[in-house]
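Novice: I'd like to ask you about the structure that follows.
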Ligand SMILES: C[S@@+](CC[C@H](N)C(=O)[O-])C[C@H]1O[C@@H](n2cnc3c(N)ncnc32)[C@H](O)[C@@H]1O
């Protein structure tokens, strides 16, 4: 769940949300953010401290309509067991939503910034150093497609995320409203259009439980 950004958005949109996070400090940030919400939203959110690889200890099979695992898989060295656990929590027809670093296009970020040796090194690996300086791991579309089939939640659709804006600094100010709308429209279009989506910084995969 991290600091709860998406969890709170979903709760504000009317969903019942359970957030799982292993890091106590991050969980405290999420608790503080939740405490600032109106009661009607607070009541829709449950926050749990735990490891995403041990969902069986917290949740029964088939107990969720949607499971989101966004920006987490890069920290998990062997993701298949965790993904199987997440799929197990889904009700039939439920959606497993994954946001991962695109392991098929890792050379793009160093290449576009003029780091040629970094770009050459990135062709033959799924390991990379993220912007926080952490050694992490990307995922390839073909590998995740096979994994999703194997765990009973075959790939339904996929998108690229951050096709044009990967070079933008996280702390950069948002552009004015009108420009932001155009930027998002261009990103959204590219994210569902070949060949652009294949070289996005992130991949958004949606598996559906059979
Ligand atoms: C980028 S944040 C998640 C953001 C969140 N999904 C959102 O969209 O708002 C990544 C989080 O994953 C957590 N994490 C990494 N490995 C984990 C694991 N095995 N179990 C539970 N949480 C984990 C990290 O502590 C970090 O807070």
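Novice: If I build a Gaussian network model for the chain, linking alpha-carbon pairs within less than 10 angstrom, which residue out of 38, 92, 79 has the largest mean-square fluctuation?
Specialist: Most flexible of the set in this elastic network: 38.
Novice: Then there's this: Taking a spot 7 Å from the Cα of residue 97 along the direction of its beta carbon, which residues of the stretch 2-31 have an amide N less than 18 Å from it?
Specialist: Answer for this model: 2-21.
Novice: Under a 10 Å cutoff between Cα atoms, tell me which one of 33, 146, 170 has the largest fluctuation in the Gaussian network model of the chain.
Specialist: 170
Novice: Then there's this: Can you tell me, using C-alpha contacts under 8 Å and at least 6 residues apart, the relative contact order of the stretch 65-208 as a whole percent?
Specialist: Details: 236 pairs, mean separation 44.4, N = 144.
Once divided by the residue count of the stretch 65-208, the mean separation gives 31 percent.
Novice: How big is the shadow of the Cα convex hull of the stretch 10-99, averaged over all directions, in nm²?
Specialist: Details: hull surface 24.0 nm².
So the Cα hull casts an average projection of 6.0 nm².
Novice: Take the Cα coordinates of the stretch 93-147, assign each an equal point scatterer, and use the Debye formula without solvent to give log10 I(q)/I(0) at q = 0.24, 0.25, 0.26, 0.30 Å⁻¹.
Specialist: Per q value, in the given order, log10 I(q)/I(0) is -0.97, -1.02, -1.08, -1.26.
Novice: What's the FRET efficiency of residue 165 with residue 136 using the Cβ-Cβ distance as r and R₀ = 22 Å, to the nearest 0.05?
Specialist: On the way: r = 20 Å, r/R0 = 0.90.
Working from the Cβ atoms, E equals 0.65.
Novice: Related question: What does the convex hull of the alpha-carbon atoms of the chain project to on average, in nm²? Please list the in-between numbers first.
Specialist: On the way: hull surface 50.5 nm².
With every direction weighted equally, the projected area is 12.6 nm².
Novice: Considering only the stretch 65-208, what is the antiparallel percent among its DSSP beta bridges, to the nearest 5?
Specialist: Numbers: 16 of 22 bridges.
So the antiparallel bridges in the stretch 65-208 amount to around 75 percent.
Novice: For the stretch 1-50, compute Rg over Rh where Rg is the Cα radius of gyration and Rh is the Kirkwood radius from the inverse mean 1/r over Cα pairs. Let's see the in-between values first.
Specialist: Details: Rg = 9.6 Å, Rh = 10.4 Å.
Taking Rg over the Kirkwood Rh, I get 0.92.
Novice: Could you work out how much longer the chain between residue 199 and residue 184 gets when fully extended? Use 0.36 nm per residue separation minus the Cα distance between them, nm to one decimal. Write down the numbers at each step before the final one.
Specialist: Details: separation 15, 0.36 × 15 = 5.40 nm, distance 1.70 nm.
Extra length from residue 199 to residue 184 when fully extended: 3.7 nm.
Novice: Taking a ≥ b ≥ c as the square roots of the eigenvalues of the Cα gyration tensor of the stretch 121-210, is the shape rounded (a/c under 1.5), prolate (a/b larger than b/c) or oblate? Present the calculation step by step, with values, prior to reporting the outcome.
Specialist: Numbers: a/c = 2.31, a/b = 1.34, b/c = 1.73.
Here the stretch 121-210 falls in the oblate category.
Novice: Right, next: Among 142, 200, 172, determine the one that fluctuates most according to a GNM of the chain built with springs between C-alpha atoms less than 10 Å apart.
Specialist: Judging by the Gaussian network model, the answer is 172.
Novice: Need the full-extension length gain, residue 58 to residue 146, defined as separation in residues times 0.36 nm minus the C-alpha distance. One decimal, nm. It would help to have the intermediate numbers written out before the result.
Specialist: Numbers: separation 88, 0.36 × 88 = 31.68 nm, distance 2.66 nm.
Full-extension gain reported as 29.0 nm.
No lab work stands behind these numbers, since they all come straight from the coordinates. The structure presented is a predicted model; accordingly, all values stated were derived computationally and were not measured. As a convention, Cβ positions derive from the backbone with ideal geometry for all residues, glycine included, and neighbour counts pool all protein chains shown.
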